[in-house]
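Values quoted throughout were computed directly from the atomic coordinates according to the rules given, and no laboratory measurement underlies them. Owing to the predicted nature of the structure, the values given are computational and were not obtained by experimental measurement. Cβ placement follows ideal geometry from the backbone for every residue including glycine, while neighbour counts extend to all protein chains displayed.
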Amino acid sequence: MNLETAQSRDAKRLAMFVIVLAMLATLRVALSLVPVPLSVLPFASVLTTAFFVFVPIVALFRVAGNHWTAKSAAWLLAGGVAAHVGFYLIARFVLMDRGLGAAVSHAFAQTGLLIWCLGLGGLLATLIKEKNMMLPVAIFLAAFDIFLVLTPQGPTRQIMEQAPQVFESVAYNVPQVQVEATHAPVAAMAYIGPADFLFLGMFFIALYRYQMRVKPTFYWMVPTLIAYLLTVVVFGHLRIGGVSLAALPALVPIGGCVMLVNLREFDLSKDEKLSTALVALLAIGFIVWSVTR
C-alpha cells in the first residue's frame, strides 16, 4: 500500500469515527425528546446501556488501525479537550443545564471526550516501543485501577464519594431512557471513567501496530465490558465483601482481555519474565497495603 492510499484510508477511518460519534450525540438528544413506554423501560435501559458501550468500542477499534504519530494524536487530544471543556461549560454555566440547547451542548461535550481519549491513547501508544511492554503495562493498569476505585485511599473513590460532580463532569455517561420527554439534558444511568476509553484506544493501537490478535481481543472485549457495565447498572445497589458494585474498575477486564487473548504473542526473555512478575507482585502488595493500612 503506497503512502497516498494509506493516508486516504486513515482519513476515511477518522471521518467515520467522527460521524459515529455525531450519531451518538444525536441519539443522546433524541432521548430527551422521545419518551419510552413504562412497560418496556427495563428492556430499553438494558438496550441503551449495551448500545452506548458497544458503539464507542467499535469506533475506537476501527480507527485504531490508522498509522499513528505523536503529532496526529496530539492534534486529536487538543481538539477533543477544547470541545469537551467548551461545550460542557456552555451547557453548565451559560445554559444552566436547562432546555434543548443544554442537551445538545452536553452531547457534543461527550463527543469531545471520546476524541481526546483517542488522542491521548494514541499518544501513549507511541511510547510502547515493543509488544512485550504491553504485558507489564496491562498488569500495572489493572492493579492501579483497583487501587483508584476500590480502596479507601483511592483518589477516584474519594472523588466519587466526596465530590461526585467532579467525576461526572469528566466521565463518559450512559444516558437514561425517559418515560416523559424532558427537552433537557437526560440523567446518566452509569458513568465510565475517561481512563477506560483512552487505555482501550492505546491497547487497540498497539495491537494493530505489532500485528497481534486484534480482532479476537475486540470480540472478547465487547461482551465483557457490556456485561461489566450491566452489572453496575443492575446490581449497583449491592455490596459483596464490602465492595460496592456501583463502581467497578474497568481496566481489570480491559487488561485481562489484552493479556489472555494475546498471551501466546508475547515472547519474554528471562529478565522480562522476572521484571513482569516483579510488577505483578508489587501491584498486589500495594493493593493489600492500601486496603489494610
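Annotations
- Helices (runs of 4 or more DSSP H) fully within the range 97-169 counting 2 or more residues that are under 23 Å from R13 (Cα atoms): 99-125
- Residue in the range 55-71 that is more than 19 Å from the chain's Cα centre (by Cα), surrounded by 15 or more Cβ atoms within 10 Å (Cβ to Cβ), of a type outside the set (D, E, K, R) and in a helix (DSSP H, G or I) present: no
- Scanning the range 11-53 for residues that are closer than 22 Å to A107 by Cα and under 23 Å from the mean Cα position of the chain (by Cα) yields a total of 29.
Every residue, every condition in (1) touching a residue at least 24 places away in the same chain (Cβ under 8 Å); (2) buried (at least 18 other Cβ atoms within 10 Å of the Cβ); (3) of a type in the set (F, W, Y); (4) over 28 Å from Q158 (Cβ atoms), yes or no:
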| residue | (1), (2), (3), (4) |
| --- | --- |
| P249 | yes, yes, no, no |
| D267 | yes, no, no, yes |
| S275 | yes, no, no, yes |
| L278 | no, no, no, yes |
| A283 | yes, yes, no, no |
| I287 | yes, no, no, no |
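- Meets criteria (outside any helix (DSSP H, G or I), farther than 18 Å from F203 by Cβ and out of contact with any Ser or Thr (no Cβ under 6 Å at 6 or more places or on another chain)) for V36: yes
- Pairs meeting the criteria (first residue in the range 23-46 and surrounded by 12 or more Cβ atoms within 10 Å (Cβ to Cβ), second residue of a type in the set (D, E, K, R) and outside any helix (DSSP H, G or I), beta carbons under 6 Å, at least 6 apart or on different chains) are P35/E180.
- For the condition crowded, with 20+ Cβ neighbours inside 10 Å and more than 22 Å from the chain's Cα centre (by Cα), S8 does not qualify.
Residues checked against (1) in a helix (DSSP H, G or I); (2) surrounded by 16 or more Cβ atoms within 10 Å (Cβ to Cβ); (3) without any contact (Cβ under 8 Å) to a residue 12 or more places away in the chain:
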position	(1), (2), (3)
V174	no, yes, no
Y191	no, yes, no
F203	yes, yes, no
Y219	yes, no, yes
L230	yes, yes, no
I254	yes, yes, no
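- Only one of the numbered conditions (1) under 18 Å from the mean Cα position of the chain (by Cα); (2) of a type in the set (A, V, I, L, M, F, W, C); (3) more than 16 Å from R28 (Cα to Cα) is not met by A107, and that is (3).
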